[in-house]
Each structure stands twice: as structure tokens, then as C-alpha cells.
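Working notes for the structure below.
Please treat every number below as a calculation from the coordinates, not as lab data. Given the structure is predicted, the values throughout are model-derived calculations rather than measurements. We place every Cβ from the backbone using ideal geometry, glycine too, and count neighbours over all the protein chains shown.
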Amino acid sequence: GGFKDEVRLANDANGLSLRKEDAMRRTYSQIGLDERRKIARWRTAGLSVAVIAEKLGRHRSTIFREVIRNMFVDKQIPDLSGYYCVTAHEMACEARSCGSLRASHTFDNR
């Protein structure tokens, strides 16, 4: 076994298998309020995005995107800016037009 075999064995031992058939089985799921609570708690505790992603079983770019897109920014009091789970969830719902928002923003163009 060469270096590639050692990396594959280390990845398998750590539950980080990168086999093509495993990747094809993965399905996309939106981040919910429960995961956002965990992200906010772990960010406050100082965990890196990479560690949070690993704990949630998601790619780190997904978590980076989530934090950047749904971060609360207060321009008048910058110390209040940050990632807050409920605010993040509301921003995400608004961005994708959640069912309740979709119903309230329906227009009749007759």
C-alpha cells in the first residue's frame, strides 16, 4: 500500500469515507432551526466552521455560506452583529419564501 491507501484507510477509520457510491447516496437537505441553534451555540463556544460542519455531517462550505448569508449586521451598534439562530432562520425563510410568506405575498394579476 502506498500513500493513497494510507489516506483511504485513515479516512475510513475516521468515518470520512470518500467512496463515489457514498457520495452519490447523499441527499441535499436544508438547514433547519435545530441545526441553526447548534451552529450559533458552537460559534459562541469558539468552534471553527470546519469542526461545526463535521459535527453536523455537512460540508464546511455549507456552514460558511449559512453563517455569511444569514448573519445579523447592526451598523449602528456593530458589537451586536453576529450569527443568531432565530434571526438566521427567519432570513433563510424569507430568502426562499417559506409557505407562510408565499401565501401572504401572492398577487392576483387579473
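Proximity of backbone amide H atoms, modeled 1.01 Å from N, is registered between Y84 and F72 at under 5 Å, excluding neighbours fewer than 5 places apart on the same chain.
Annotation for L33 and K75: the two label points, set 7 Å from Cα along the Cα-Cβ direction, are 3.0 nm apart.
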